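Step one of this worksheet: look at the structure below.
The values are calculated or read from the model by the stated rules, or taken from the named source; none is laboratory data. Just so it is clear, the model here is predicted, and its values are computed rather than measured. Methodologically, a virtual Cβ is constructed for each residue, glycine included, from the backbone with ideal geometry; neighbour enumeration extends over all protein chains shown. Calculation scope for accessible area: heavy atoms of the full protein, side chains included, ligands and nucleic acids excluded. Shrake-Rupley method; radii C 1.70, N 1.55, O 1.52, S 1.80 Å.
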Amino acid sequence: MLQAVTKNGDFVTLPLLPHEEIIQLKNSKSQFFCPVCQSQLLIKVGKKVIAHFAHCYQQECPNQERGEGVYHERGKLDLFYWLLKQGYPVKLEHYLHTIKQRADLFIHLNNKKIAIEYQCAKIPIDQILKRTNGYQAVGITPIWILGGNRMNRIGQQVLSLLPAEQNFLQQFLNDRWPKLFYYCPDVKQLARYDLICLSGRKRTIGQLRFMPLEETSFKHLFQPNHVEVFTDQWLFEKRRFRLYLPKRTYSHESQFREWLYLNQLTPSLLSSWVGLPVVGQWLMKVSLWIWQARLCYDFFNKQSHFTLDQLQVFIQPYRKKINSQYPLLQRKEDPVINYLNYFILGGKIIRSRDGYFVNGRISQYQTIEQAFRNDQQIQNRLKNRMHYTHEKD
Ligand SMILES: [Zn+2]
């Protein structure tokens with residue numbers, strides 16, 4: 001930790017002092033205590049570490065380091081100075097007695113309280129939820145910034161996110177797209193990832209932007225970005241789905257393959273209407289390829305006319321039961337309605353007074369070339385109509 005209290009009750013923040021002064025303190029035999037458990041602390045200083053305090057003895061103390069090391073401490077300090085320079089009343093390692101949690105950075109401005117957690121080490125899902133819920137319960141807005149070391153980039157706009165990490169996704173007021181933030185103290189850069197859609201269990205497609213810390217303001221982090229949903233990356237995802245058979249087959253996946261087989265459907269030749277990126281995919285139990293294929297061939301093709309209620313009944317088994325995960329996401333976007341809207345936009349489904357009509361069967365292609373061509377065409381059609389409707393607004 002970076003902060004301690006003296007016998008007189010003064011706070012000392014070690015890395016804010018000149019090096020000589022830290023050495024003097026270390027040699028002076030002055031005593032320092034943990035602001036949380038009051039036990040005695042040691043000064044640790046050296047060339048490779050950021051000067052910090054450590055408990056003399058192993059303690060069960062919430063102020064204990066979370067095993068994150070120098071990278072974390074450096075990043076935390078960078079962010080602290082960054083906020084300070086912008087005039088925010090920011091506190092470092094602020095301990096909240098009521099919830100027994102220590103925020104890396106804490107801002108109390110007007111009526112708003114913000115806790116910034118800079119997370120560089122892996123933590124279990126229940127810890128993420130516990131800490132997030134703890135803040136929310138007392139009216140504090142938590143903001144997670146992940147260490148740049150944790151970014152697992154597998155394509156230019158593709159991140160692999162473990163299911164636990166998906167709980168760091170956050171949506172603020174008026175946000176359509178869930179966001180993730182990263183900071184890397186090695187290159188002094190922030191990154192913001194606007195998630196468009198999960199295309200697999202861990203595979204996510206989004207829009208990734210890097211921003212030098214010095215040129216970015218705290219407010220800037222949250223400004224709405226224009227996010228293009230239909231991109232070449234998404235076309236690539238479809239191509240990948242058509243050509244690539246998942247190595248490890250999950251039970252949903254093998255059931256799906258069996259269903260395709262029984263219905264004489266070939267994954268590589270499925271209609272281009274299967275596999276459209278939707279907001280809120282995280283609310284679904286199975287991958288979008290699965291529920292969208294089922295909806296197309298088992299529902300739309302069998303019901304030439306349907307109501308919203310019938311659609312909801314059909315899709316219910318593919319939805320997750322509401323659980324406590326994703327505490328920072330809003331539940332206002334329904335992925336199934338988003339999906340239906342693409343059909344309406346593209347003229348494949350027509351709204352009538354008492355329900356919906358499917359305009360022609362959803363078929364299969366003869367060749368893979370035809371499939372690729374249609375993927376491109378449908379994507380272009382939806383993209384153009386989306387732009388047109390936006391302009392009309
Ligand atoms: Zn302590």
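Does segment 197-216 contain at least one residue that is at pLDDT 95 or above and part of a loop (DSSP other than H, G, I, E, B)? Scanning segment 197-216, I find at least one residue that is at pLDDT 95 or above and part of a loop (DSSP other than H, G, I, E, B), so the answer is yes.
Rundown of residues vs (1) surrounded by fewer than 20 Cβ atoms within 10 Å (Cβ to Cβ); (2) over 27 Å from the mean Cα position of the chain (by Cα); (3) at pLDDT below 95, yes/no style:
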| residue | (1), (2), (3) |
| --- | --- |
| Pro277 | no, no, no |
| Lys285 | yes, no, yes |
| Pro327 | yes, no, yes |
| Ile337 | yes, no, no |
| Tyr356 | no, yes, no |
| Arg361 | yes, yes, yes |
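Only residues that are among the acidic types (Asp, Glu), open to solvent by less than 20 Å² (accessible area, probe 1.4 Å) and at pLDDT below 95 were counted across segment 113-142, and they come to 0.
Among residues of segment 372-383 that are in contact (Cβ under 8 Å) with a residue 40 or more places away in the chain, those with a Cβ under 7 angstrom from a residue that is of a type in the set (Gly, Ala, Ser), sequence gap 6+ or separate chain, pair up as Asn374/Ser272; Asp375/Ser272; Ile378/Ser272; Ile378/Gly346; Leu382/Gly346. Can you name the condition, by its number, that Tyr88 falls short on among (1) within 16 Å of the ligand (Cβ to nearest atom); (2) open to solvent by 20 Å² or more (accessible area, probe 1.4 Å); (3) touching a residue at least 24 places away in the same chain (Cβ under 8 Å)? Tyr88 satisfies all of (1) within 16 Å of the ligand (Cβ to nearest atom); (2) open to solvent by 20 Å² or more (accessible area, probe 1.4 Å); (3) touching a residue at least 24 places away in the same chain (Cβ under 8 Å) except (1). Note on segment 148-161: residues that are under 10 Å from Thr204 (Cα atoms) and assigned to a loop (DSSP other than H, G, I, E, B) total 2.
Every listed requirement among (1) at pLDDT below 95; (2) on the phi > 0 side of the Ramachandran plot; (3) open to solvent by less than 70 Å² (accessible area, probe 1.4 Å) is met by Asn110 save one, (3). Of the residues in segment 360-373, at least one is closer than 21 Å to Tyr297 by Cα and of a type in the set (Phe, Trp, Tyr). Restricting segment 19-41 to residues that are within 16 Å of the ligand (Cβ to nearest atom) and out of contact with any Ser or Thr (no Cβ under 8 Å at 6 or more places or on another chain) leaves a set whose member that is nearest to Ala54 (Cα to Cα) is Leu41. For segment 144-178, filtering for residues that are under 12 Å from Leu328 (Cα atoms), of a type in the set (A, V, I, L, M) and open to solvent by 40 Å² or more (accessible area, probe 1.4 Å) leaves 1.
Does segment 1-15 contain at least one residue that is within 16 Å of the ligand (Cβ to nearest atom) and closer than 23 Å to Lys122 by Cβ? Yes. Among the residues making up segment 42-58, a single one is more than 18 Å from His72 (Cβ to Cβ) and surrounded by 15 or more Cβ atoms within 10 Å (Cβ to Cβ): Ile43.
How about segment 17-36: which of its residues are surrounded by 15 or more Cβ atoms within 10 Å (Cβ to Cβ) and modelled with pLDDT of 85 or more?
Ile22, Leu25, Lys26, Phe32, Phe33, Cys34
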